[in-house]
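Here's the structure we're looking at; comments come further down.
The values are calculated or read from the model by the stated rules, or taken from the named source; none is laboratory data. The structure displayed is predicted, hence computed values, not measured ones. Reconstructed Cβ throughout: ideal geometry from the backbone, glycine too, with neighbour counts over all protein chains shown. Accessible surface is based on the protein model in full, side chains and every heavy atom, while ligands, DNA and RNA are left aside. Shrake-Rupley method; radii C 1.70, N 1.55, O 1.52, S 1.80 Å.
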Amino acid sequence: MALEQVANDSVTYEEKDNLAIISIEGAMYKKSMGGLCMSVASYPDIIKSIDRAEANSVIQKILFYVDTPGGAVAGLNEVTERIFTSPKETITLYSNLGASAGIHAFTASKKVYAASKNTELGSIGTIASAYVDKTNDDKKITVVSKNAPNKVFNWNEEGIQKLQSKLDQYEKYFFEAVERHT
């Protein structure tokens, strides 16, 4: 079966033998935002793809191929519950990034994997941001849930050290791959 693209190509559905592959790329929201330059996967499009896989008696497994920084709370529980209660075997493969709402929803699969050592998983928690106009002094206010301090990068010494450590680890993986392949 040919690849079917939904919305702005951020949710795709494909069948191969007894496997349905649902790819999710981008931030996830309750409403489709097709036509935007950024990747936005809508919860209704994800559910529509799950429905399609579950309606096909040939399909035995659903693979969620996920690359998302997360998304909105509104609509998230419905997707999570659909994955958790699916009668099909559900598998999640995080390709590049699985964070926040992406962890919430797709860890409901019966099996969960990261594609490589470079796949980033987390953070989990909630965040809200708003801009406050104080005449000529615009200010951004960000509030982070108490258990998710890493949702916002702090440009202090500790934050820079964490970033440096992460980059050093990526470099190590890079050199290991080149050494293995050459």
**Study point:** Condition check for GLU25: among the charged types (D, E, K, R) and over 11 Å from the mean Cα position of the chain (by Cα)
**Key:** no
Exercise for review: Answer with yes or no whether LYS134 is modelled with pLDDT under 70, open to solvent by 80 Å² or more (accessible area, probe 1.4 Å) and part of a loop (DSSP other than H, G, I, E, B).
Suggested key: yes
Check your understanding: Counting just the residues of the stretch 8-34 that are part of a loop (DSSP other than H, G, I, E, B) and surrounded by 20 or more Cβ atoms within 10 Å (Cβ to Cβ), which one comes out modelled with the lowest pLDDT?
Key -> ASN8
**Study point:** Close pairs (9 angstrom Cβ cut-off, 6 or more residues apart or separate chains): open to solvent by 80 Å² or more (accessible area, probe 1.4 Å) in the stretch 158-175, at pLDDT 80 or above anywhere
**Key:** LYS166/GLU120; PHE174/ASN118
Practice item. Would you mention how many residues in the stretch 142-157 are part of a strand (DSSP E or B) and open to solvent by less than 80 Å² (accessible area, probe 1.4 Å)? Key: 2
Review point. Of the residues in the stretch 62-85, how many are part of a loop (DSSP other than H, G, I, E, B), of a type outside the set (Ser, Thr, Tyr) and over 17 Å from LEU121 (Cβ atoms)?
Key: 4
Practice item. Could you grab me the full set of residues in the stretch 57-71 that are surrounded by 15 or more Cβ atoms within 10 Å (Cβ to Cβ) and either under 17 Å from the mean Cα position of the chain (by Cα) or without any contact (Cβ under 8 Å) to a residue 24 or more places away in the chain (or both)? Key: ILE62, LEU63, PHE64, TYR65, VAL66, ASP67, THR68, PRO69, GLY70, GLY71
Practice item. Considering each residue of the stretch 35-56, count those that are in a helix (DSSP H, G or I) and either modelled with pLDDT under 95 or within 18 Å of the chain's Cα centre (by Cα) (or both), and give that number. Key: 8
Exercise for review: Could you list, in sequence order, all residues of the stretch 82-109 that are closer than 19 Å to SER57 by Cα and without any contact (Cβ under 8 Å) to a residue 24 or more places away in the chain?
Suggested key: THR85
**Study point:** Qualifying positions in the stretch 81-110 - open to solvent by 20 Å² or more (accessible area, probe 1.4 Å) and under 16 Å from ILE47 (Cβ atoms)
**Key:** GLU81, ARG82, PHE84, THR85, PRO87, LYS88, HIS104
